[in-house]
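S.K.: Can you keep this structure in mind? I'll have questions shortly.
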Amino acid sequence: MEVTFDTTVVCPPVIQRHERGEWTLLHDLKNHTVVRVNNQGLAVVEAVARHPRLGDAVAELAARFSMTFDDIAPKVLQFIFDMSNSGFLHIETYKQIKIKRPRLEAPKGIYIQNTERCNLGCVYCFNQEERAHFTKDHPEMTTEQLKWAIDQIADFGIPQINFCGGEPTLRDDLLEVAAHARDRGRLVCLVTNGREDGDEFLAAAADLFDVVWVSIDSHRREINDRHRGKDSYEPAMRSLRKLVQISDRRAIILAAAVISSNNWEELAEMKRYFLEEIGVDRFRATSYSPGCAVSLEEEWSLQPPPFVRDASVLPPPDTDFADFSAGFDLELEVEYDGKGGKKVRPPARVINHCGVGNGELAMLSNGDIYPCQLLCKPEFLAGNLFDQPLPEIYRESEILQQLRELTVDRIPGCSTCDVRYVCGGSCRATALEMHGDMEAHIDYQCDLYRRNAVDNLWRDSKIPIEHVAEARKKLLDVRKQVEGEKVELGVGVGGEEAADVTASQEEG
């Protein structure tokens, strides 16, 4: 479209602003397009908002910056061109993107509790009561039955399998079953407490799994063992040290810590220690949720870290909200570029749901299917693989259908939030534990999730202009290969640097 000084340039009708230093983040709340502009770029946007006719906006800017019309016009025109190509500014009329939220044909991942048995006693265990019930009354599947279940999962098209528990390494056939999942083309991840620290096992695990997640809550023995039980520290540390020394391994080695009021002040040192001294590939923090605790000691009661509740309390220096999972992706999601290489996480997606019963499922060791690993409770049983095919359970279960309707647009306190489609409304299992209601707003976590969402928008606004087209094409190509779905993109560019935004439009 030809642009002249008589052209009308239209700003988004609703813009949320966030400022950091000399930069301003502009978030189009209708199209979920984000741009990051410097002071000069912001001046252009503000001028266009006041004077939609391009020539009038250029005239105002020339006067403001004491430049001639002819000198400033080429710079403004280039900026307008970049911003209109990004989808943030519009020519003549505002073009609203219809955000499509197709229901997934299959979940993105499933958590398999290959056993409910565990050899630790973490004070904050979220499913201790459920594990005791299932261990007593439900026999575990045999090796061949687990492989049969893996076949159902693969045939349904679920790309990722996370082996958890209980403690998954307590089953002698873990590697055999995981290898079968690998043979069926699945991404396979292991969540372990690290007590299985034998050289032969760890070498095999590092070569087999895409992610080996070792849970450890501190680089100091006394803190970790008070969280996770006596003598839990040394095996986990041995496992991490051995895993990172394995050359040419497939697995990403991840150290994962639950952060509470008792270890939050050492978070920066903990992160540095695991990344630099131990040499893990990734460090991940999870905020303790008080509703999950079942065996608290009165003299050492746990609370969430204070910065979760209070916006005036910042995380320790050298840490940020990116260290915490915030529900934007499956916790262990690994994406590939279609050629065997791992790919960095794409820009923030439009989500309206935490993913429970839609983007993820959980399976217990007897074949029972649940909406997620945090809701393995009798009232949330969706079905059993021995009674129904998995696709039928996924599509027809009443409880799964009900949970899919728990979108941010229904949650009080979320429905009017400007970052609700970045946050996704937080974990519904946590809402149930904290407030006794799946539809409740999680007050104590809200500030953390909001700040995390804004941080993600800032992160997604920092792709250099010359990389925007490349990033956009790569994201499309990879998602088509990995998920087999069509993806719509909105890419924004601002100022002298780009702002890439919204990737796929989808539910959790």
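S.K.: Highest mean first, what order results for 448-457, 147-156 on Cβ atoms within 10 Å? It would help to have the intermediate numbers written out before the result.
M.R.: Values: 448-457: 22.1, 147-156: 18.6.
By packing density, highest mean first, the sequence is 448-457, 147-156.
S.K.: To the nearest 0.05, how large is the calculated FRET efficiency for Ser415 and Arg17 if R₀ is 22 Å and r is the Cβ-Cβ distance? Each step should come with its number before you reach the end.
M.R.: Numbers: r = 21 Å, r/R0 = 0.96.
E between Ser415 and Arg17, to the nearest 0.05, is 0.55.
S.K.: In nm, what is the difference between 0.36 nm times the number of residues separating Trp458 and Asp281 and their Cα-Cα distance? Kindly include the intermediate steps, with their values, before the conclusion.
M.R.: Details: separation 177, 0.36 × 177 = 63.72 nm, distance 2.34 nm.
Difference between extended and current length: 61.4 nm.
S.K.: Calculate the FRET efficiency for Thr68 and Val10 from the Cβ-Cβ distance with a Förster distance of 25 Å, rounded to the nearest 0.05. It would help to have the intermediate numbers written out before the result.
M.R.: Details: r = 26 Å, r/R0 = 1.06.
Using R0 = 25 Å, I get an efficiency of 0.40.
S.K.: Here's another thing I want to ask about it. Compute the distance in nm between two label points, each set 7 Å from the Cα along the Cα-to-Cβ direction, one at Ser247 and one at Asp199.
M.R.: It works out to 1.6 nm between the two label points.
S.K.: Pairs to check: Lys75/Lys98; Lys108/Lys230; Lys30/Lys108; Lys75/Lys95; Lys147/Lys230; Lys30/Lys377. Give those whose C-alpha atoms are more than 29 Å from each other in this structure.
M.R.: Working: Lys75/Lys98 32 Å; Lys108/Lys230 36 Å; Lys30/Lys108 27 Å; Lys75/Lys95 24 Å; Lys147/Lys230 35 Å; Lys30/Lys377 38 Å.
In this structure, Lys75/Lys98; Lys108/Lys230; Lys147/Lys230; Lys30/Lys377 exceed 29 Å between Cα atoms.
S.K.: Taking only protein heavy atoms into account and a 1.4 Å probe, give the accessible area per residue of the range 136-255 in Å². List each step's numbers first, then the result.
M.R.: Details: 4780 Å² over 120 residues.
That works out to 40 Å² for each residue.
S.K.: Then there is this: Could you work out the mean projected area of the convex hull around the alpha carbons of the range 194-267, in square nanometres to one decimal?
M.R.: Working: hull surface 18.9 nm².
For the range 194-267, averaging the hull's shadow over all directions gives 4.7 nm².
S.K.: A follow-up question, please. Using a Förster radius of 45 Å, what is the FRET efficiency between Gln96 and Gln303 based on their Cβ-Cβ separation? Nearest 0.05, please. Walk me through the numbers before you get to the answer.
M.R.: Working: r = 44 Å, r/R0 = 0.98.
About 0.55, to the nearest 0.05.
S.K.: While we're here: Figure the gain on full extension for Asp318 and Asp447 (residue separation times 0.36 nm, minus the Cα-Cα span) and round it to one decimal in nm. Walk me through the numbers on the way to the answer.
M.R.: Details: separation 129, 0.36 × 129 = 46.44 nm, distance 1.96 nm.
Gain on stretching Asp318 to Asp447: 44.5 nm.
S.K.: Over the range 234-274, what percent of the accessible surface lies on carbon and sulfur atoms, probe 1.4 Å? The partial results should precede the final answer.
M.R.: Numbers: 680 of 1580 Å².
Its accessible area is 43 percent carbon and sulfur atoms.
S.K.: Give the peptides 225-233, 35-43, 422-430 in descending order of average Cβ contacts within 10 Å, highest first.
M.R.: My ranking of the peptides, most packed first, is 422-430, 35-43, 225-233.
S.K.: So how do 195-202, 399-406 stack up, highest first, on mean other-Cβ count within 10 Å? Walk me through the numbers before you get to the answer.
M.R.: Working: 195-202: 15.6, 399-406: 17.5.
In descending order of packing, they fall as 399-406, 195-202.
The values are calculated or read from the model by the stated rules, or taken from the named source; none is laboratory data. Computed from a prediction, not measured in an experiment: that's the story for all the values here. Every residue, glycine among them, receives a Cβ derived from its backbone with ideal geometry; neighbour counts consider all protein chains shown. Please note that ligands, DNA and RNA were not included when accessible areas were found on the heavy atoms of the full protein model with its side chains. Shrake-Rupley method; radii C 1.70, N 1.55, O 1.52, S 1.80 Å.
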